Amino acid sequence: MNLNPNQLTDYANTFITVLIDYSPKIISAFLILFVGLYVIRLINRFIRKLMIKRDLDPTLTKFLADILLWVLRVLLFVTFISNLGIETSSFVAILGAMGLAVGLSLQGSLSNFAGGMLIILFKPFKVNDTIEAQGVTGTVSEIQIFVTKLITANNQTIFIPNGSLSNGNIINYSLQKIRRADLTIAISYDTDIKKVKEIITAIFKNNPKVLQTPAPVVSVKNLTDSAIQLAVRPWATNEDFWDVYADTLESCKLAFDAAGIVTQPYVRESTKDNS
């Protein structure tokens, strides 16, 4: 196809005319886009500070702020394309159809979103709580829209989908202020039980991190073929729990050695003691 100079001139003039006619819309649309993004950031910061000032739960603050951020971005995008001259009604219809298709293909993500909402509403745990769920234990670092972020004791980061997390069993170790250590010490049948109980009771009294209310317990848990199993159960605050756990075992071993008491290897029984 051969174009003569007159046709090229006509096309160029038409392009320039259209560009001039639409340039105000294009400029205003991009101006609205850039200003809108800046305003959204300011609104998001203001809302976060306001919720923090009102002493709202940090988990709820971040979750609501993230949702607000994406809602404002969607509204800004619709305003942007509207100023470009694109019919928003047809766009919304297309967006709705796309949303349905995406929703069907991302059912897992929607389940995680719903799970996040349930966690925020019912608060089985919050940020900085130590929980056990889905076979892992860690401190809650962040509750995001789709996943919950845990930091383990050895500083590993674990992301658990909110859908499975909200539908599974959750052990919250931080919900109560104090916690009991459930230890089992096995001694031989030749050992004086009362003497062992006196030694362990003295260890509890000499450890300032062991709470005396509720009172720590030392009792016979089970009589096996090879040993007498003692249930050793001191109470401690959440902050001191692992110190009490380790100190009790170490102090018992040292005290038993000094008293000539022989401990037996402990074999865990299949039946759990939940008392």
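Each reported figure results from applying straightforward, stated rules to the coordinates on display, with no laboratory input. Predicted model only: the values in this text are computed from it and were never measured.
Using all alpha carbons of segment 123-172, what is the percent of pairwise distances in each 5 Å bin, ordered from the shortest bin to the longest?
Percent of pairs per bin, in order: 5, 24, 40, 26, 5, 0.
Semi-axes of the equivalent ellipsoid for segment 178-264, please: Cα gyration tensor eigenvalues, times 5, square-rooted, ordered largest first, whole Å.
After scaling each eigenvalue by five and taking roots: 22, 13, 11 Å.
For segment 98-216, max minus min Cα coordinate along each principal axis, in Å, sorted largest first?
Taking max minus min along each principal axis of the Cα atoms, segment 98-216 gives 75, 28, 25 Å.
If you plug each phi of segment 131-142 into the Karplus form 6.51 cos²θ - 1.76 cosθ + 1.60 with θ = phi - 60°, what whole-Hz ³J(HN,Hα) values come out, in order, with x for Gly and Pro?
Those phi angles translate into 10, 10, 7, 6, x, 10, 10, x, 8, 5, 8, 6 Hz.
Just to check I understand the Karplus step: with θ = phi - 60° and J = 6.51 cos²θ - 1.76 cosθ + 1.60, what whole-Hz values come out for segment 112-124, glycine and proline as x?
Whole-Hz 3J(HN,Hα) from phi for segment 112-124: 5, 5, 4, x, x, 5, 5, 5, 5, 6, 8, 6, x.
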